[in-house]
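One structure below.
The values are calculated or read from the model by the stated rules, or taken from the named source; none is laboratory data. Predicted, not measured: the structure shown is a model, and the values here were computed from it. Glycine also receives a Cβ, built like all others from the backbone with ideal geometry; neighbour counts cover every protein chain displayed. Quick note on the areas: whole protein, heavy atoms, side chains included, nothing else; ligands and nucleic acids left out. Shrake-Rupley method; radii C 1.70, N 1.55, O 1.52, S 1.80 Å.
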Amino acid sequence: MADTIKVGMIGYKFMGKAHSNAYRQVAAFYDVPLRPEMTVICGRDKAGVSAAAEQMGWKEYSTDWKEVVGRPDIGLIDISTPGDTHYEIAMAAAQAGKNILCEKPLANTLDESRRMQEAVEQAGVVAMVNFNYRRVPAVQLAKQLIDAGRIGEIRHWRAVYLQDWIVDPEFPLVWRLQKDLAGSGALGDIGAHIADLARFLVGEIDEVCGLLKTFIKERPLPAATTGLSASASAERGQVTVDDAALFLARFASGAIGSFEATRFATGRRNRNSFEINGSRGSIVFDLERMNELQFYSADDPPEAQGFRTILVTEGVHTYMNAWWPPGHIIGWEHTFTHSVLDLLNGIVAKESPAPTFADGVHIQSILDAVERSAASGGWVRPE
């Protein structure tokens, strides 16, 4: 039987549910070298976190994250909280010698992210930032096709991440709309995801030119919140983050790219899509059809050229051998299980799996450059 590692998770709402499901499922489907024990879940609200512990299968609950980090029996700290808390929790966890899984983006500022990277490297702990879309099997296939040279020299990257959950001007001022809590708006929340996918698939970004826009400046203060939904009060507060972010990029490879992240794309619930054009072919992915990858090859004979749709459910595809028979699709929640699987393997190997905290710093530097570019109106290099 595999050894076990006790997990302490800080945060219990949207991401807490996704991570909890991953810990429950990973050993049931994969032959893991280390079985996660869902030992303690932590949140500020005693009634809320106790109910979450019972519903999601955690043995204990706590309202004091410092107590959880300091427990000698806990081997893995999972940070699933708003961005303003990532730095303090991660620094304490590293100092305590704990392995760490941190939600994205890594921190609210570039400086914080660098200090977090230094802390985990000095402590010698395994640490991963959870850019979960790398672990969609179709995205893994895209990476394999690119690395094999199937689309040739990459020339274009274009990506959009479109949501619409704050289109209503009366939607309350939840934490994701406050810079001191979230760090940024659509840029850091969902733009970070497509920036990470770009680095993963195309390579490093040399320069960016950005545009940020806030459409609704004030919103009702929340009376009560649950996840991303909330009821509103009569009082209003200022929105201090971007509602939409667009930027152009020049890659080190010579490729060029465009990125759009918005939470004002009416009718788009969660469209994360990219297209990559190369000298010999193209690849298209859309999260709304996450089990599929579109692939065009200029090497096909003229009479057979055209985009083909590959259903990425065969056991030969990364992560798929543990799930269902071919043609039986998987869902969004499986990407978190894949993240936990790779993290557990990394802990056993004593090597941080990608995306590492260093990768998280790279993304933070891109987000920072986009913000500086939007302020100056020119091209800016990530620091």
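Numbers below:
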| read-out | value |
| --- | --- |
| Candidates VAL160, VAL348, VAL202, ranked by Gaussian network fluctuation over the chain, Cα under 10 Å, top entry | VAL348 |
| Neighbourhood charge, 9 Å Cβ-Cβ cut-off, centred on ARG381 and excluding it, Lys, Arg +1 and Asp, Glu -1 | -3 |
| Residue among GLU88, GLU60, GLU303 with the largest mean-square fluctuation in a Gaussian network model of the chain, springs linking Cα atoms under 10 Å | GLU303 |
| More than 16 angstrom apart: percent of Cα pairs within the stretch 85-140 | 41 |
| Amide N of the stretch 341-383 lying under 17 Å from the label point, which is placed 7 angstrom from the Cα of PHE29 along Cα→Cβ | 341-345 |
| Kyte-Doolittle mean at least -0.5 and Cα axial length at least 27 Å: DSSP H helices in the chain | 357-376 |
| Which listed pairs, of LYS104/LYS213; LYS59/LYS104; LYS13/LYS104; LYS98/LYS350, have C-alpha distances above 19 Å, in listed order | LYS104/LYS213; LYS59/LYS104 |
| Ordering of 250-263, 331-344 by burial proxy (mean other Cβ atoms within 10 Å per residue, highest first) | 331-344, 250-263 |
| Cα centre as origin, Lys/Arg/Asp/Glu Cβ charges: the chain dipole, Debye | 300 |
| Value of relative contact order over the chain, rounded to a whole percent, pairs C-alpha under 8 Å and six or more apart | 20 |
| Cβ crowding within 10 Å averaged over residues, with 64-71, 170-177, 133-140 ranked highest first | 133-140, 170-177, 64-71 |
| Rg [Å, one decimal], Dmax [Å, integer] - the chain, C-alpha atoms | 20.8, 66 |
| Solvent-accessible area per residue, Å², over the chain with all protein chains present [probe radius 1.4 Å] | 42 |
| Accessible area in the full protein assembly, largest first, 1.4 Å probe, for THR63, THR318, THR266 | THR266, THR63, THR318 |
